[in-house]
Amino acid sequence: MAKVSFGVSARSHHPTRLEVSAREHRLVVDEPEKLGGTDAGPNPLEYMLAALAGCINVTGHLVAKELGFEIRELSMDIMGELNPARFMGRPTEDRSGFTLVKVEVRLEADIGEETRQNWIESVESRCPISDTMGAGTSIEVFLV
């Protein structure tokens, strides 16, 4: 299967604030005021958690269709715990970034417990954002 590519453009207007364009959409990435930002939008890590929620939503509906049921409602609460040591310039051997992400998923559908378990296991294993947040992601950065 062919790989799929995605891209964004970003422009900095403040040490903590970016305006990002993706296709015809614009969004603002910023830090809260208590961290020196202007609080014009969610911070980068909150966007990562939002991306995870979006991935679970899309993957969840796809898996439900494959399993032959319809989702009446799908909702989530997602909390990430961060190890900021490397970001703050402190040497560490521990993994930087999210050390734990807890996702509480509420699924309303007319299905039994076995189908519910098959659904969540399949969604968790197939969501690409979940893989992206984990170790082993290759990221290349170039100055041009």
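The table below lists the values:
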{"item": "Scope segment 63-96; condition in contact (Cβ under 8 Å) with a residue 40 or more places away in the chain, under 19 Å from the mean Cα position of the chain (by Cα) and surrounded by 14 or more Cβ atoms within 10 Å (Cβ to Cβ); matching residues", "result": "63"}
{"item": "Condition check for residue 18: outside the structural domain of residue 110 (by TED's automatic domain parsing), among the aliphatic types (A, V, I, L, M), surrounded by fewer than 17 Cβ atoms within 10 Å (Cβ to Cβ) and more than 20 Å from residue 120 (Cβ to Cβ)", "result": "no"}
{"item": "Residue in segment 12-20 that is closer than 23 Å to residue 130 by Cα, at pLDDT 95 or above and not in a loop (DSSP other than H, G, I, E, B) present", "result": "yes"}
{"item": "Counted residues, segment 97-118 - those being touching a strand residue (DSSP E or B) at 6+ places or on another chain (Cβ under 7 Å) and touching a residue at least 12 places away in the same chain (Cβ under 8 Å)", "result": "12"}
{"item": "Some residue of segment 130-141 being loosely packed, with under 12 Cβ neighbours inside 10 Å and either in contact with a Ser or Thr (Cβ under 8 Å, 6 or more places away or on another chain) or modelled with pLDDT of 90 or more (or both)", "result": "no"}
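The values are calculated or read from the model by the stated rules, or taken from the named source; none is laboratory data. All values reported here derive from a predicted model rather than from experimental measurement. Virtual Cβ from ideal backbone geometry, glycine too; neighbours counted across all protein chains shown.
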